[in-house]
């Protein structure tokens, strides 16, 4: 299958600070790819290099099978995390200007913009100035600006942040539509629930380095069924017993935990029943959030030891 | 190239349709006219009739003074008297109405009375002329408002004329002869330039280059700052990140500078057209409003043609620097201090401009018209005053273009890095590092 993006040992340094450190991954055509990592991990720096805003110090980037070029970048749609359009310009003017920069004719840009505005519930706003819109509405306009030229590859940095549930749903549907049309999508986010439901593959980066990479299904399978989801009423002192529990994420009456290596899930349930009323006990694959926290913490320990 | 055109188009349309552009286009000529005309009008304006008493034992002297002072009203019709005033070294166009009473018996009591009248506002002033004034050439003028030099100089002139006439009469000259002798002599100013000799008068030749100077200074400064603001706007609204996904920083900066410059040219074009429509170069109207001081003022076609050339040179030079400043900062407030060193040479131009207009051939004028940061303005002032030798004009433009080339290179490097930097304002070593990034 054709590769939309190939990053190979890409490194970017700002003065002493290594923002991206020998990062390698590739994105297959038509997949939804999640670029994950805590704040400051080097996500934005990586994305900027993918679309040629900055150049890597070393390593190579290939887009649509060719070395990075303007022609290639024109087929990319970019939704930056820091949203920005011209505040004093009308919505339609903003959209048409950006589409024309990507080579779309004015009339065609207008036609498509109207369709998108309708679809995202912004029908009557085409002639309003951007600054008159609420933050969530501006967000949607920004998304339209990123997809108006029908890019084959979309880079979306935190696309759902600041959207209400209804808008999020509309956006998600739109994305799945685009995926069905064979478009490639890269998500950059730290919202794991979205990634879990949408992404085919992920790359988790921390301190500019790739710490976890691959198809989401395989990654989760690799962790095995070593996780337990538990709904309870009462106290669970066993959570602090390292012989039973390796790590946990407690929500008060719901807890996700990783069973310590060698420990028996059966014994865990017995112990739990002694101190609390158990409503649900399920052995599952770990959630991405668990994997994320686990991996980030591990690499933190590794890097602090080093 | 297509992308640069799109940026140009956007910058142009967004700016031209703003109220600010329309207001500035209309207001600028009015403001400039007002800047020249209002002070002049204020100077010329009569501050009401002055009630003055002349105390002089010699009735003939007092009578001549009285008629001279009250007669200065006649200088309203712009014939010989206007020139006479100039001839006598008076401030041009100054006029003052007087109502004069004569006292022929000086006494201490009279002096006290008059003093208290002046103090009580019953009288504006009185001239005390001793009988031996012809010999001593001294007199005293008492007034509340001793700083009104126009009033006292008019009194002084009247006294000088009166005494001289009296003296000439004593030497056997008739009153008519004395009048002729003491009358004004009109000196015609003929301005010799490389384009030939033209009739002119002093203040017109000063006012016109000054107006052109202000026009080029204002447009260079304002459009330069527009570029800076536009850069800051794109940076602070973060639209820059989206744009850079579609075009290179160089395309963006080039489009921006050309687009804003085109707005500037449009504005200048409108002013020029309006000027032509209003009469001979628009300044004729200002001339009419000011009386005849600008009667002979006109702009040659060479000067008119060079205006856009020097505007573009000055604008390109400064907008490059302002674009770099805009890229370095996060907000307009931050830009305030950083833009000052860039604006400094422009302000310097205005400071020395008066001296350059008065004498465009000093070494100072020469060097400033060569130095690339001041040359677009100072050279233009020289051109509008008196065409400098062609080699100087060519050298100045060549130096300016060479500097521009270097500035574009330097600014674009600062711009390219700066537009993506947020947070702390960069230090000078950091900026040097930016320039070195390949």
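Just so it is clear, none of the values below were taken in a lab; they were calculated from the coordinates. Because the structure is predicted, anything quoted here is derived from the model rather than measured.
Assorted remarks:
- 0 to 90° range, to nearest 10: angle between helix A:106-119 axis and chain A longest Cα axis: 40
- Among A:189, A:271, A:54, residue whose mean-square fluctuation peaks in a GNM of chain A (springs only between Cα atoms under 10 Å): A:271
- DSSP beta bridges in segment A:3-216 [antiparallel fraction, %, rounded to 5]: 55
- Coordinate range of the alpha-carbon atoms in the protein assembly as shown per principal axis, descending: 142, 60, 53 Å.
- The GNM of chain A, with springs linking C-alpha atoms under 10 angstrom apart, assigns the highest mean-square fluctuation among A:36, A:156, A:244 to A:244.
- Top of A:126, A:276, A:105 by mean-square fluctuation, Gaussian network on chain A, Cα under 10 Å: A:276
- Whether segment B:342-438 is rounded, prolate or oblate, judged on the alpha carbon gyration tensor where a/c under 1.5 counts as rounded: prolate
- Cα radius of gyration and Dmax for segment A:3-216 (Å): 17.0, 50
- Taking each residue as 0.36 nm, the span from residue B:409 to residue B:176 lengthens on full extension beyond its C-alpha to C-alpha distance by 76.3 nm.
- Compactness index (Cα Rg / 2.2 N^0.38 Å), segment A:1-110: 1.21
- Cα-only radius of gyration and Dmax that characterise segment B:381-438, units Å: 17.7, 50
- Compactness of segment A:71-188 as Cα Rg over 2.2 N^0.38 Å, two decimals: 0.97
- Rounded tilt (10° steps) of A:91-101 against the dominant C-alpha axis of chain A: 80
- Global geometry of segment A:225-284, whether rounded, prolate or oblate, following the gyration tensor of its Cα atoms and the 1.5 cut on a/c: rounded
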